[in-house]
1. Return the whole-Å distance between the Cα centroid of the stretch 327-371 and the Cα centroid of the stretch 223-299.
2. For the stretch 1-50 and the stretch 75-140, write down the distance between their C-alpha centroids in whole Å.
3. Taking the full set of protein chains and a 1.4 angstrom probe, give the accessible area of THR71 in square angstrom, rounded to the nearest 10.
4. Beyond 21 Å between alpha-carbons counts as too far, so tell me which of LYS85/LYS245; LYS85/LYS193; LYS192/LYS245; LYS61/LYS161; LYS245/LYS341 fall in that bin.
5. Need one value: the accessible area of LEU168 in square angstrom, 1.4 angstrom probe, rounded to the nearest 10.
6. With all protein chains present and a 1.4 Å probe, how do LYS97, LYS341 order by accessible area, largest first?
7. Sort the following peptides by mean Cβ neighbour count (other Cβ atoms within 10 Å, averaged over residues), highest first: 79-88, 149-158.
8. In the chain, which helices (entire DSSP H runs) extend 18 Å or more along their own long axis, judged by Cα positions, while averaging at least -1.0 on the Kyte-Doolittle scale?
Amino acid sequence: MSALNLDRIADLISITPDARVFLERPERQTQMHLAVRGSNGAVVHAEVYVVYHNTARGPAKGGIRMASHVTLSETAELAELMTWKTALVRVPFGGGKSGICIDPAGLDRTTKDAILREYVHLMQLDLRNQAYVPAPDMGTGARDMAIILGETHIPESVTGKPPRIGGLPGRNEATGRGVATATRLTAGNLLKKDLNNMRVAIQGFGNVGSFAALFLHQLGARIVAVSDERGGIFNGDGLDVVRLKTDQADGAELADASDASVITNADLLALDVDILIPAAVGHVLTADNADTVSAGAIVEGANAPTLPAAQEILQEAGIPVVPDILANAGGVIASYAEWQKGKSGSLTEAAETYALVDGLIERAFRRVQALAVEKALPMRLAAWTLSAGEVSETMQDRGWI
Ligand code: NAD
């Protein structure tokens with residue numbers, strides 16, 4: 001079953017029965033059992049899921065998620081989102097994703113490296129042929145991508161690498177940068193307000209949430225709440241997010257912040273703010289809590305944070321939701337630039353990466369908003385329609401349908 005509602009889209013554009021055959025199910029779903037010796041000599045093992053949803057527009061692109069809760073269906077949902085995301089911002093990739101079902105927090109560095117090397121061994125044909133180009137996702141980062149490069153020796157076989165070994169300066173911050181840009185556009189275009197001093201709450205203070213917070217702070221927004229899996233903190237006058245980020249790097253917990261009160265993740269989602277950014281995990285806004293949301297608008301930093309039933313409730317409440325495939329596309333935009341420069345190397349500065357992300361997110365935002373206004377659609381449905389149209393037309397160009 002497709003994460004994107006093809007029935008609703010079929011009311012808006014022509015999706016032929018042949019196109020539906022391709023779009024309704026992933027092209028390939030693989031499940032593997034990975035087992036290696038860890039640093040203490042004991043065998044460590046994990047299920048590995050790899051899904052390619054649609055590769056009409058290019059190689060399957062999507063991050064490697066390493067977490068104890070990863071499943072095949074979650075990996076398939078995330079792979080599908082990559083199909084729509086890459087199509088919406090028009091980078092020439094298809095949709096893919098990997099999931100390694102193990103908690104990275106319980107692994108020492110040597111054991112994690114061994115798992116990643118074994119992952120490359122399992123996947124080596126696809127990685128060397130570039131059928132699939134991985135990147136970081138939850139539980140993996142730039143150093144892990146460096147381990148993958150160390151096995152393939154092909155610079156464009158993996159993105160999100162450290163800049164000194166062919167990574168793109170600004171790639172690490174790119175998703176957060178794009179979320180901040182989407183939030184600025186949401187403020188100006190949907191809420192008709194200046195971002196300056198707007199109250200923003202962010203669930204998740206990892207890669208996406210923390211960089212979104214820093215960029216929004218630079219743009220003048222007031223970040224009143226952030227959280228991680230242990231809970232959140234709140235200060236109505238605005239948190240010192242620069243210090244929070246530095247303290248986090250030094251090992252401090254959010255709850256250690258002296259100038260903030262402790263709140264739960266449920267409290268954070270219900271805060272009376274201008275913009276709420278769920279930037280942690282999927283499926284956090286549900287039929288049970290959507291009516292507690294008091295934000296003026298939602299910008300989805302995480303993948304799939306809003307379940308369909310919650311989307312309906314938010315829509316009825318008049319709370320616009322800027323969808324994941326638009327708001328968090330900054331990472332794949334920067335990955336595209338890194339992949340493209342794989343052979344030649346890059347002298348790119350971070351500022352150039354941010355400008356590329358801003359430009360493509362802004363262009364996609366305007367197209368989505370224009371369609372949403374023209375057809376009186378929620379932003380998510382407008383974004384889905386544009387993406388499905390793009391993939392469908394590409395399949396026609398390729399003679400698939
Ligand atoms: P991360 O691992 O760096 O950070 C995740 C954050 O969420 C951490 O602060 C963690 O403590 C918190 N968290 C985990 N479980 C939680 C829970 N149950 N409730 C509240 N907070 C919780 O991950 P990330 O890379 O920042 O990714 C966050 C989301 O953004 C994911 O949905 C991911 O798929 C999506 N995303 C990431 C990128 C990227 O480039 N990193 C790109 C696009 C989308």
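The values are calculated or read from the model by the stated rules, or taken from the named source; none is laboratory data. The structure displayed is predicted, hence computed values, not measured ones. Cβ sites come from the backbone with ideal geometry, for glycine too, and all protein chains shown count toward neighbours. We work out accessible area using only protein heavy atoms, side chains counted, and drop any ligands, DNA or RNA first. Shrake-Rupley method; radii C 1.70, N 1.55, O 1.52, S 1.80 Å.
1. 27
2. 12
3. About 60 Å², ignoring ligands and nucleic acids.
4. LYS85/LYS245; LYS85/LYS193; LYS192/LYS245; LYS245/LYS341
5. Ignoring ligands and nucleic acids, LEU168 comes out at about 10 Å².
6. Largest accessible area first, the list is LYS341, LYS97.
7. In descending order of packing, they fall as 79-88, 149-158.
8. Once both thresholds are applied, what remains is 72-88, 109-129, 171-185, 350-375, 379-397.
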